[in-house]
1. Under the rule a/c < 1.5 gives rounded, and otherwise a/b versus b/c splits prolate from oblate, where does the range 1-46 land using the Cα gyration tensor?
2. Using a 10 Å cut-off around each Cβ, can you sort 199, 101 from fewest to most neighbouring Cβ atoms?
3. Each label point is 7 Å from the Cα along the Cα-to-Cβ direction; what then is the distance between the points at residue 146 and residue 24, in nm?
4. Distance from the Cα centre of the range 112-147 to that of the range 160-185, in angstrom?
5. Mind sorting 177, 9, 37 by how few other Cβ atoms lie within 10 Å of their own Cβ, fewest first?
6. With the cut-off at 1.5 for a/c, could you classify the range 139-203 from its C-alpha gyration tensor as rounded, prolate or oblate?
7. Decide, for the range 98-210, between rounded, prolate and oblate: order the square roots of the alpha carbon gyration tensor eigenvalues as a ≥ b ≥ c, take rounded if a/c falls under 1.5, and otherwise choose prolate if a/b is larger than b/c, else oblate.
């Protein structure tokens, strides 16, 4: 019986909105931005700092700087929490929270490599949401009108960052169809996407599809 659904998504594909609709239809918990709050509480840092590490790798020079910070007692008192909490530490907390949420069941997990972390785990169903570039650019231009001229560049850069993140942590190709049970083009609309997911996951009987 499926009791966890992970949703990976291209930037601008409205995958997060689909995940919210799906969770509402099922009456399950949506684990998206709440995950960042949980990590911040566990790590004892601000949510802003956690968000700065969200689905990101540390730059190559960070490890050099971190070694320097930890090697100097004189500088230690001036280190910011962002320097102490990095993407490497974020990953450890993230994996714990995702596993705990999955163990509790009845949740929809958005991004953050959950499909890779829970790959092969019983009761988990993995979805990848994509869209045409034209659709993604329209969304970007509506959300960030002042950056509209950079829409395609920003979309591609964000997806490349997510690709690199998953490749480094799990040695998986983020958009590989082999990772997912279902690939959805969001141009079909949220209602159709939710209906297709429930049917594919064997959950259509558990909700009223009106």
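1. oblate
2. Starting with the residue having the fewest Cβ neighbours, the order is 199, 101.
3. Spacing of the two 7 Å Cα→Cβ label points: 3.0 nm.
4. First find each Cα centre; the distance between them is then 10 Å.
5. Fewest-to-most ranking of 177, 9, 37: 177, 37, 9.
6. oblate
7. oblate
Values quoted throughout were computed directly from the atomic coordinates according to the rules given, and no laboratory measurement underlies them. These numbers were taken from a predicted model, which means no experiment stands behind them. Positions of Cβ are generated from backbone atoms using ideal geometry, with glycine treated the same way; all protein chains shown enter the neighbour counts.
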